[in-house]
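A short reminder: the numbers here are calculations on the coordinates, not readings from a lab. This one's a predicted model, so the numbers in the text were calculated from it and none came from an experiment. FYI the Cβ positions are ideal-geometry reconstructions off the backbone, even for glycines, and counts take in every protein chain you see.
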Amino acid sequence: MPASAAPPARAHGTTPAAPGGPPAALLMAGSCLPVLGAVLLAPVLPAVQRHFEAVPGSTALVPLMLTVPALSLALLAPFAGAVVDRLGRKRLLVAATLLYALFGTVPLWLDSLYGIVASRVLVGVAEAAVMTCCTTLISDYYTGRVRDRYLAAQTMCASASATVFLALGGVLGAAGWRAPFWLYAVGLPLAPLMARVLPAVTPAARPATDERRPFPVRRMAGLCLLTVFGAVVFYTVPVEMSYLLADLGVESTGVIGAVTALASAATVLGSVLFTRRTGGPWRRLPLLFLLCAAGFLCMSVADGLPLLLVGAVLNCVGTGLLLPSLLTLAMSRLDFADRGRGTGLWTAAFFLGEFLCPLVLLGGKAALGDLPSAVGLLGLVTLVVPAALPVLARRADRVRP
């Protein structure tokens with residue numbers, strides 16, 4: 001991993017940047033925990049449905065086990081960000097990681113579907129704090145291009161871990177639908193390691209006139225709105241690929257798994273390419289949205305697996321570049337005192353987009369008659385987004401201090 005950068009200027013700074021190695025690795029591991037919550041249970045949902053088929057409302061409640069942590073995270077991340085700025089990053093991260101392990105493993109001993117869904121809400125609360133703290137600490141420890149590389153590595157690790165967790169969920173699910181919940185116990189060894197290894201962060205001295213500076217809401221609003229849409233674009237292929245393959249008559253789980261893994265690898269490739277980027281973020285974003293749109297349009301007209309695969313790879317390379325671009329752009333506009341709240345808002349926007357993604361596609365499918373047409377419509381909307389970016393860039397620059 002790259003070495004840390006020098007500390008930022010004292011007006012906006014922190015304590016000296018953390019070294020590479022264990023601190024960075026722990027923050028990457030922590031950033032993967034919300035991904036585990038999002039994908040781990042997908043392979044066992046049919047088994048859970050069979051187990052609770054006599055429970056009223058189980059048809060709706062069982063899928064909620066998978067999605068409700070993301071909604072909980074989206075709603076609570078801004079509050080987690082405020083707590084981060086008040087109580088400190090490291091202390092909250094350690095506590096939230098322990099709670100993640102506690103709430104995540106509760107379903108091992110529950111036989112109430114309602115109780116399990118409630119525990120999943122609490123998992124989302126812990127995830128909101130973990131994700132916000134990890135991203136904030138990366139921005140605290142590192143600056144400039146080094147920080148951008150670590151933020152890209154964060155998204156790359158999260159994308160790669162999704163494939164790993166899906167496979168682990170399937171393997172553990174063979175031993176019973178409860179077995180995957182044991183993976184949440186990973187938080188138990190992580191928390192003490194974080195407490196011991198991660199350096200504490202304290203703000204450098206600020207001018208007295210800057211103490212009561214209001215949070216830059218206007219500076220973040222447009223970026224958060226753009227991030228909600230970017231998250232819908234990001235999650236469309238992972239969420240909808242199996243259904244698109246089914247529309248083409250592909251029923252082999254091996255083929256579905258291979259195509260999904262290839263799309264995930266394309267996302268990782270995009271994150272790697274981000275570290276070698278050139279040009280400013282506002283200049284780069286229109287090209288990335290155009291690349292994502294091209295992938296969607298290829299997928300929407302695909303009459304066979306090869307074209308569908310080409311479209312998915314194009315789109316996922318674009319989303320692999322898009323996510324760290326949005327994240328680093330947001331972090332570059334936040335000072336130390338605002339970073340927790342700003343990160344919380346950005347995280348909320350991203351996970352709100354994750355929650356909305358299947359709903360957006362379902363709405364498009366209901367209106368147009370089939371899923372490929374809905375994906376094509378999303379592609380057209382994505383094609384139009386670059387036209388609004390210059391206006392957003394000018395507004396963001398006007399409100400910068």
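Summary of values
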item	result
Region 216-401, dipole about Cα centre (Lys/Arg Cβ +1, Asp/Glu Cβ -1), debye to the nearest 20	1200 debye
Neighbour-count order for L322, L262, fewest beta carbons within 10 angstrom listed first	L262, L322
Cα principal axis extents for region 216-401, largest first, Å	55, 36, 27
Residue-count net charge about V68 - beta-carbon cut-off 14 Å; Lys, Arg +1, Asp, Glu -1	-1
Ranked list, fewest to most other Cβ atoms within 10 Å of each Cβ, for D303, D338	D303, D338
Region 84-104 versus region 287-336: alpha-carbon centroid distance in Å	32 Å
Taking E251, E127, E240 and counting other C-beta atoms within 10 Å, the order from fewest to most	E251, E240, E127
Extension gain (nm, one decimal) between L273 and A25, 0.36 nm per residue minus Cα-Cα	87.3 nm
Net charge over other residues, Cβ less than 14 angstrom from the Cβ of L137 (K, R count +1; D, E count -1)	+3
Rounded FRET efficiency, nearest 0.05, which uses the C-beta distance separating R196 from V239 and R0 of 35 Å	0.40
Extension gain, T59 back to A246 (0.36 nm per residue minus Cα-Cα distance, nm)	65.2 nm
Neighbourhood net charge (14 Å Cβ-Cβ; Lys/Arg +1, Asp/Glu -1) for L362	-1
Cα-based convex hull, region 1-204, per residue volume (Å³, whole number)	107 Å³
